[in-house]
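A.B. asks: Please see the structure below; I have some questions.
The values are calculated or read from the model by the stated rules, or taken from the named source; none is laboratory data. Remember, it's a predicted structure, so these values are computed and weren't measured experimentally. Cβ placement follows ideal geometry from the backbone for every residue including glycine, while neighbour counts extend to all protein chains displayed.
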């Protein structure tokens, strides 16, 4: 079980492109996981990052990544949360908005567009998070969305990582993730077993 | 001499395809539109009909097929601005004459068709003028935007039927794959304003706006396409600088009508 950004990145580097459910145990692991994926893992594998923001506005994530001095040139956001919380103060050129987290097809279309734009470079898609999308969508349509998205990514040889917050997860979401993802990785905070 | 009947075990005859260049649509159509087909692209305003047809022509021109856009309602200068934002658009296509824009009112004027209501004879004159243009410019792809506006001046069902039949045959005989753009109201229960166009066209592609829980999604559905197997499912589309992208409509959502 990885407990730091480096450990998570090292575990991911060993894997072929797959659909991975990343279970986050505790709030403290959230930014560690993001850093492990978008900074260390993506840089080492020379991947573009397509970050689906459904939990917090993309600008908040960008602010944190800037503090951490992460190279932003290869990170692109599909933000479906800022438009509904009216938090678009400034728009980063790498951010693509989707009007609402219920427009799941439009999320897929923006991912598709960004993959088309990335040319020869491979991609890692990070969905943050399944729990937040579950607030806005029925389990049935959400399962369909994740199933199609995962298969699209597999067909394009891309990694897809789906955040699942342990504290907010239900049996239904857990079962769905087990069913549609290739594997599950749990991330804990340092010192936890 | 007896005519040879096709054997039951003979492989199906494969018709050459005209790839639209829109990846999602070509997948739906099993490789593209059967070459020479006349397709009705129909939908209410804002559904992406003109944008899709322009992309079809731009991809054709890039592939070296001379492509013609016949604009009935909008001035071509204005339309040309719509293709410029495409990442793959190259202005030399217009300069070289591979991508040509023609305004229908100019054709009417040159033919001396000044009356508001066109006659059956005029139908033949217009079709011949379009045919001559296709021959002269060696056109392989054509868009008529919109056939509804032409039909508006034809008034009767007989003349509309004659026009669609003649234009379809004229273009098909020349190996030209064409899109006829048709405007319908959001609540229409048929695929064309006059009901005639849909019966005669080789294919019908329905474009719509689907309202689902307050969200408005642009959709595309191939209802009919002669000469190919195709999906009849509904897809959601997005108009992007990289062209039109399509993904399947998720069915887990609550039902909603096409508006």
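A.B. asks: Going through the range A:134-185 one residue at a time, which ones are touching a strand residue (DSSP E or B) at 6+ places or on another chain (Cβ under 8 Å) and in a loop (DSSP other than H, G, I, E, B)?
C.D. replies: Passing the criteria: A:156, A:158, A:169, A:181, A:182.
A.B. asks: Could you say whether any residue in the range B:54-76 is part of a loop (DSSP other than H, G, I, E, B), under 28 Å from residue B:217 (Cβ atoms) and modelled with pLDDT under 90?
C.D. replies: Within the range B:54-76, one or more residues are part of a loop (DSSP other than H, G, I, E, B), under 28 Å from residue B:217 (Cβ atoms) and modelled with pLDDT under 90.
A.B. asks: Quick one: which of A:118, A:143, A:129, A:164 is touching a helix residue (DSSP H, G or I) at 6+ places or on another chain (Cβ under 9 Å) and surrounded by fewer than 22 Cβ atoms within 10 Å (Cβ to Cβ)?
C.D. replies: Being touching a helix residue (DSSP H, G or I) at 6+ places or on another chain (Cβ under 9 Å) and surrounded by fewer than 22 Cβ atoms within 10 Å (Cβ to Cβ) holds for just one of A:118, A:143, A:129, A:164, which is A:143.
A.B. asks: Examine the range B:116-123 for a residue that is buried (at least 20 other Cβ atoms within 10 Å of the Cβ) and either touching a strand residue (DSSP E or B) at 6+ places or on another chain (Cβ under 6 Å) or modelled with pLDDT of 95 or more (or both), and state whether such a residue exists. Steps first, answer last, please.
C.D. replies: Going through the range B:116-123, the residues buried (at least 20 other Cβ atoms within 10 Å of the Cβ) turn out to be B:118, B:123.
Among the residues that remain, those that are also either touching a strand residue (DSSP E or B) at 6+ places or on another chain (Cβ under 6 Å) or modelled with pLDDT of 95 or more (or both) are: none.
Checking the range B:116-123: not a single residue is buried (at least 20 other Cβ atoms within 10 Å of the Cβ) and either touching a strand residue (DSSP E or B) at 6+ places or on another chain (Cβ under 6 Å) or modelled with pLDDT of 95 or more (or both).
This table checks each residue for (1) at pLDDT 95 or above; (2) assigned to a loop (DSSP other than H, G, I, E, B); (3) loosely packed, with under 14 Cβ neighbours inside 10 Å; (4) more than 14 Å from chain B (Cβ to nearest Cβ).
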residue: A:30; (1), (2), (3), (4): no, no, no, yes
residue: A:55; (1), (2), (3), (4): no, yes, no, yes
residue: A:70; (1), (2), (3), (4): no, yes, no, yes
residue: A:84; (1), (2), (3), (4): no, no, no, no
residue: A:88; (1), (2), (3), (4): no, yes, no, yes
residue: A:105; (1), (2), (3), (4): yes, no, no, no
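A.B. asks: If you don't mind, there's one more thing I want to ask. Do you know which residues across the range B:170-199 are under 16 Å from residue B:120 (Cβ atoms) and assigned to a helix (DSSP H, G or I)?
C.D. replies: B:170, the sole residue that qualifies.
A.B. asks: So, one more: Out of (1) within 14 Å of chain A (Cβ to nearest Cβ); (2) touching a strand residue (DSSP E or B) at 6+ places or on another chain (Cβ under 7 Å); (3) in contact (Cβ under 8 Å) with a residue 40 or more places away in the chain, what's the single condition that is false for residue B:198?
C.D. replies: Residue B:198 satisfies every listed condition except (1).
A.B. asks: Related question: Among the residues of the range B:235-245, are any surrounded by fewer than 18 Cβ atoms within 10 Å (Cβ to Cβ), within 14 Å of chain A (Cβ to nearest Cβ), touching a strand residue (DSSP E or B) at 6+ places or on another chain (Cβ under 7 Å) and modelled with pLDDT of 95 or more?
C.D. replies: Within the range B:235-245, none of the residues are surrounded by fewer than 18 Cβ atoms within 10 Å (Cβ to Cβ), within 14 Å of chain A (Cβ to nearest Cβ), touching a strand residue (DSSP E or B) at 6+ places or on another chain (Cβ under 7 Å) and modelled with pLDDT of 95 or more.
A.B. asks: Right, here's the next one. Which ones in the range B:206-228 are on the phi > 0 side of the Ramachandran plot and within 9 Å of chain A (Cβ to nearest Cβ)?
C.D. replies: B:213, B:214
A.B. asks: If you don't mind, another one. Filter the range B:15-25 down to the residues that are crowded, with 18+ Cβ neighbours inside 10 Å and within 17 Å of residue B:237 (Cβ to Cβ) and list them by number.
C.D. replies: Passing the criteria: B:20, B:21, B:22, B:24, B:25.
A.B. asks: Same structure, new question: Scanning for something touching a residue at least 24 places away in the same chain (Cβ under 8 Å), over 24 Å from residue B:246 (Cβ atoms) and within 14 Å of chain B (Cβ to nearest Cβ), does the range A:122-134 turn up at least one residue?
C.D. replies: Within the range A:122-134, one or more residues are touching a residue at least 24 places away in the same chain (Cβ under 8 Å), over 24 Å from residue B:246 (Cβ atoms) and within 14 Å of chain B (Cβ to nearest Cβ).
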